[in-house]
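Some notes on the structure that comes next.
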Amino acid sequence: IGEQADFERAQWALASGDFRSAADQFAAFVQTYPGGPLTAQSHLKRGEALEQLGETTDAARAFLEAFSANPSGDVAPRALFKLGANLGALGQTVDACTTLAEVGVRFPSAPAVHEANAAMRKLGCQ
């Protein structure tokens, strides 16, 4: 019950635009409940909060952690897309293109494929 309540509290902070609090709460969540069923989702949400704060490098790391926590889970396609998009924002175009291409390879039917393809076009990926 505490795990779900902590997750919902962090999610509420994110939804209400309190990005610093959300990032901090999601970071605390994954330390308190490592390897739990909401770990990958918490990393993803933390990345989204950091992205809103303009902390692109830390956001990219959070998205990588989200993907690594469960590379075949429900949040994996979105985490991989967000990782690639943030790598692109950091000017790491080659890595961004490779990562974004992986979204379609690993998860061909995921909605994130369309976003990844759009990001690849924007970056000029081959």
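The values are calculated or read from the model by the stated rules, or taken from the named source; none is laboratory data. Since this is a predicted model, take the numbers as computed values, not measurements. Accessible surface areas use protein heavy atoms only, side chains included; no ligands, DNA or RNA. Shrake-Rupley method; radii C 1.70, N 1.55, O 1.52, S 1.80 Å.
In the chain, helices alone account for a calculated mean residue ellipticity at 222 nm of -24500 deg cm²/dmol, with every DSSP H run of four or more residues adding -39,500 (n - 2.57). Computed with a 1.4 Å probe over protein heavy atoms only, the accessible surface of the chain comes to 53 Å² per residue. Per atom type, segment 1-60 shows carbon and sulfur on 51% of its accessible surface, probed at 1.4 Å. Seen from every direction in turn and averaged, the convex hull around the alpha carbons of the chain projects onto 7.2 nm².
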